[in-house]
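To start, the structure under review is shown below, and the notes come after it.
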Amino acid sequence: MTSNRFDLRGKVAIVTGGNGGIGLGLAHGLADAGASIAVVGRNEAKSAAAVADLKERGVKAIAVSTDVTDKAAVAAMIDGVVREFGRIDILINNAGMSIRKPPHELELDEWNKVIDTNLTSAFVCSKLAYPALKASGNGKVINIGSMMSIFGASFATAYAASKGGIVQYTRACANAWAPDNIQVNAILPGWIDTDLTRGARQQVAGLHERVLARTPAGRWGEIDDFAGIAVFLASPASNFVTGTAIPVDGGFSVMA
Ligand code: NDP
């Protein structure tokens, strides 16, 4: 039985990129704690499968087909969620992608695509959700960073810039919205087995073995490793926690 402090029954969450990977792992946690969930993504088949999965956990779930880089589409998505559920309490800015090239090879349009998807979308979603989050009385924003919020990598040119930026954006929002009792935090995933990193493992020779050797836990993360932190950061249990960036990385970031 979930204690009241972690209870999300009656709360409404938006999870961008919630139709697979880490976003779905985060959504699993929220659903198991009782939240209604709007899954936001572009791939409608993936979103339909995620909604069916979440409904099986006994909560309400809807898919809202949205490209988070399209401001008008995000505005329509936020309005649609409020129309459907009457409120927004939790926003998880998780949608993300990477284009793996060193700085001297990355083109400007590629840079813009990564920054728009990983960073600017969080700004747009948060700004447009802010009135509803404020009205909630205890709003929660969770932004997804990365080990690239801390470290660099030759192939992570725009990706590292976007993930460093999202931590600083988190801190700005935490300050701005504390008077509204909205907490804003970031999660920094380590290396997690998802479509994104399956692509990276194909492109970057030796990556799989290097991650295993470098991660004290001795394994890649799984999507449900994010269920617990989602509940904590989305629930009243974290009401005095704001502006943080919490690694969920099997110790990757503390390995000397
Ligand atoms: P996935 O590729 O599995 O998931 C990415 C999600 O983002 C998909 O659900 C995708 O939905 C959605 N998405 C991407 N672009 C858009 C867009 N323009 N509009 C709407 N939705 C979009 O990757 P992960 O689960 O691995 O990644 C999730 C987050 O975690 C990302 O921010 C990533 O940077 C971060 N991360 C991942 C790590 C890992 O090891 N896997 C490590 C550190 C951070 P759709 O396909 O329907 O568009």
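Criterion first (loosely packed, with under 15 Cβ neighbours inside 10 Å and either farther than 25 Å from residue 134 by Cβ or of a type in the set (Ser, Thr, Tyr) (or both)) does residue 48 satisfy it?
Numbers: loosely packed, with under 15 Cβ neighbours inside 10 Å: yes; either farther than 25 Å from residue 134 by Cβ or of a type in the set (Ser, Thr, Tyr) (or both): yes.
Considered against the rule, which asks whether it is loosely packed, with under 15 Cβ neighbours inside 10 Å and either farther than 25 Å from residue 134 by Cβ or of a type in the set (Ser, Thr, Tyr) (or both), residue 48 comes out as yes.
For residue 212, are the conditions met, namely being aliphatic (A, V, I, L, M), closer than 20 Å to residue 150 by Cα and part of a helix (DSSP H, G or I)? Spell out the reasoning first.
Values: aliphatic (A, V, I, L, M): yes; closer than 20 Å to residue 150 by Cα: yes; part of a helix (DSSP H, G or I): yes.
Yes, satisfied.
Among the candidates 230, 186, single out the residue that is under 24 Å from residue 12 (Cβ atoms), in a strand (DSSP E or B) and within 16 Å of the ligand (Cβ to nearest atom).
Details: 230 fails: in a strand (DSSP E or B).
Just a single option satisfies the conditions, and that option is 186.
For residues in the stretch 1-32 being touching a residue at least 60 places away in the same chain (Cβ under 8 Å), surrounded by 22 or more Cβ atoms within 10 Å (Cβ to Cβ) and small (Gly, Ala, Ser), which is nearest to residue 129 (Cα to Cα)?
Among them, the one singled out is 13.
Table: residues versus (1) under 25 Å from residue 100 (Cβ atoms); (2) in contact (Cβ under 8 Å) with a residue 60 or more places away in the chain; (3) buried (at least 19 other Cβ atoms within 10 Å of the Cβ).
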| residue | (1), (2), (3) |
| --- | --- |
| 157 | yes, no, yes |
| 169 | yes, no, yes |
| 177 | no, no, yes |
| 183 | no, no, yes |
| 206 | yes, no, no |
| 211 | yes, no, yes |
| 226 | yes, yes, yes |
| 230 | no, yes, yes |
| 239 | no, yes, no |
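Here is a yes/no grid of residues against (1) in contact with a strand residue (DSSP E or B) (Cβ under 6 Å, 6 or more places away or on another chain); (2) buried (at least 21 other Cβ atoms within 10 Å of the Cβ); (3) over 30 Å from residue 203 (Cβ atoms):
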residue	(1), (2), (3)
132	no, yes, yes
137	no, no, yes
160	no, yes, no
163	no, yes, no
166	yes, yes, no
174	yes, no, yes
180	no, no, yes
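Determine, yes or no, whether residue 57 is away from the ligand (no atom under 12 Å from the Cβ), more than 22 Å from residue 79 (Cα to Cα) and in contact (Cβ under 8 Å) with a residue 24 or more places away in the chain. Full working, then the answer.
Values: away from the ligand (no atom under 12 Å from the Cβ): yes; more than 22 Å from residue 79 (Cα to Cα): yes; in contact (Cβ under 8 Å) with a residue 24 or more places away in the chain: yes.
For residue 57, the condition - away from the ligand (no atom under 12 Å from the Cβ), more than 22 Å from residue 79 (Cα to Cα) and in contact (Cβ under 8 Å) with a residue 24 or more places away in the chain - is met.
Any read-out appearing in this document is the output of simple, stated calculations on the displayed coordinates, not a laboratory observation. Fair warning: this is a prediction, and the values are worked out from it, not measured in the lab. Because the Cβ atoms are built from the backbone with ideal geometry, glycine has one as well, and the counts that use them run over all protein chains shown.
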